[in-house]
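What follows is a set of notes on a single structure, which appears directly below.
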Amino acid sequence: PFVEKLPYPRVFGVFSFLKGLSYYEPGRNFSVFNVGESPPLSVQICFESYFPEVSRAFVKNGSEIFIVVTNDGWFHYKAALLNHFVQGVFRAVETRRQFLQVANTGITGLVDEYGRIVDALPLRVRLAGEFHIKPRKGETFYVRYGDWFFYLSVILAVVSVFISRMRGERNEGIRVRL
């Protein structure tokens with residue numbers, strides 16, 4: 001559903017020559033692949049793993065496994081590579097799906113459906129790995145209802161503050177003597 005492109009084309013369109021991708025268009029479908037005897041799987045590209053709504057849509061469309069293919073070549077610091085990889089931990093827990101990230105220079109590894117890193121290949125070493133992935137069906141609370149719990153929490157917090165102000169209650173805090 002996404003492509004590496006400049007946001008806000010009306011504003012940043014003059015810089016489109018810098019990226020060389022101006023002819024790509026973002027997709028609109030969340031396609032799930034059925035390859036031979038394998039269970040239905042979805043493939044995310046690069047930073048799509050940062051967006052929970054993408055993984056959620058793939059599960060709603062029947063995906064039982066997540067695979068992320070990424071080029072982390074522009075990250076020279078381990079912290080950035082780790083940050084990118086651990087997004088899979090969140091997506092795995094939210095959807096209860098195993099999450100395999102395959103990277104050319106970043107972290108290639110498998111996260112189980114509970115967010116545990118099962119296996120990862122060493123950084124910046126040319127090699128191949130074999131990962132055993134268990135497909136999983138069903139929907140989690142998050143897949144079924146999305147972010148409504150977050151929005152409900154915000155509304156309840158705002159209403160609580162409003163009610164306490166209407167009653168004239170004030171939080172005096174804690175007095176500290178120095």
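The values are calculated or read from the model by the stated rules, or taken from the named source; none is laboratory data. Keep in mind that this is a model prediction, so the values were computed, not measured. Using ideal geometry, Cβ is built from the backbone for each residue, glycine included, and neighbour counts are taken over all protein chains shown.
Residue pairs, Cβ under 9 Å, 6 or more apart or interchain, first in the range 51-72 and on the phi < 0 side of the Ramachandran plot and surrounded by fewer than 17 Cβ atoms within 10 Å (Cβ to Cβ), second acidic (Asp, Glu) and part of a loop (DSSP other than H, G, I, E, B). List them.
Between residues of the range 51-72 that are on the phi < 0 side of the Ramachandran plot and surrounded by fewer than 17 Cβ atoms within 10 Å (Cβ to Cβ) and residues that are acidic (Asp, Glu) and part of a loop (DSSP other than H, G, I, E, B), the close pairs are Glu53/Asp147; Lys60/Glu139.
Just to check your reading of the model, which residue among Phe131, Phe75, Phe162 is of a type in the set (A, V, I, L, M, F, W, C), on the phi < 0 side of the Ramachandran plot and surrounded by fewer than 11 Cβ atoms within 10 Å (Cβ to Cβ)?
The unique qualifying residue is Phe162.
Quickly run through the range 145-178 and pick out the residues that are within 18 Å of the chain's Cα centre (by Cα) and either of a type in the set (Ser, Thr, Tyr) or modelled with pLDDT of 95 or more (or both).
Selection gives Tyr145 alone.
Under 6 Å by Cβ, and 6 or more places apart or on different chains, what pairs join a residue from the range 25-41 that is modelled with pLDDT under 90 with one that is of a type in the set (A, V, I, L, M, F, W, C)?
Listed by first residue and then by second, the contacts come to Pro26/Phe2; Pro26/Val3.
Listed here are the residues, each with its yes/no results for (1) in contact with a Lys or Arg (Cβ under 6 Å, 6 or more places away or on another chain); (2) under 24 Å from Lys78 (Cα atoms); (3) surrounded by fewer than 16 Cβ atoms within 10 Å (Cβ to Cβ); (4) basic (Lys, Arg).
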{"residue": "Ala92", "(1), (2), (3), (4)": "no, yes, no, no"}
{"residue": "Gly115", "(1), (2), (3), (4)": "no, yes, no, no"}
{"residue": "Lys137", "(1), (2), (3), (4)": "no, no, yes, yes"}
{"residue": "Tyr145", "(1), (2), (3), (4)": "no, no, yes, no"}
{"residue": "Trp148", "(1), (2), (3), (4)": "no, no, yes, no"}
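When you scan the range 68-78, do you find a residue that is touching a strand residue (DSSP E or B) at 6+ places or on another chain (Cβ under 8 Å), of a type in the set (A, V, I, L, M) and closer than 21 Å to Tyr114 by Cβ, even just one?
Looking for residues that are touching a strand residue (DSSP E or B) at 6+ places or on another chain (Cβ under 8 Å), of a type in the set (A, V, I, L, M) and closer than 21 Å to Tyr114 by Cβ, one finds at least one in the range 68-78, hence yes.
I need the full set of residues from the range 93-127 which are β-branched (Val, Ile, Thr), in contact (Cβ under 8 Å) with a residue 24 or more places away in the chain and in a loop (DSSP other than H, G, I, E, B), in order please.
Passing the criteria: Thr105, Ile107.
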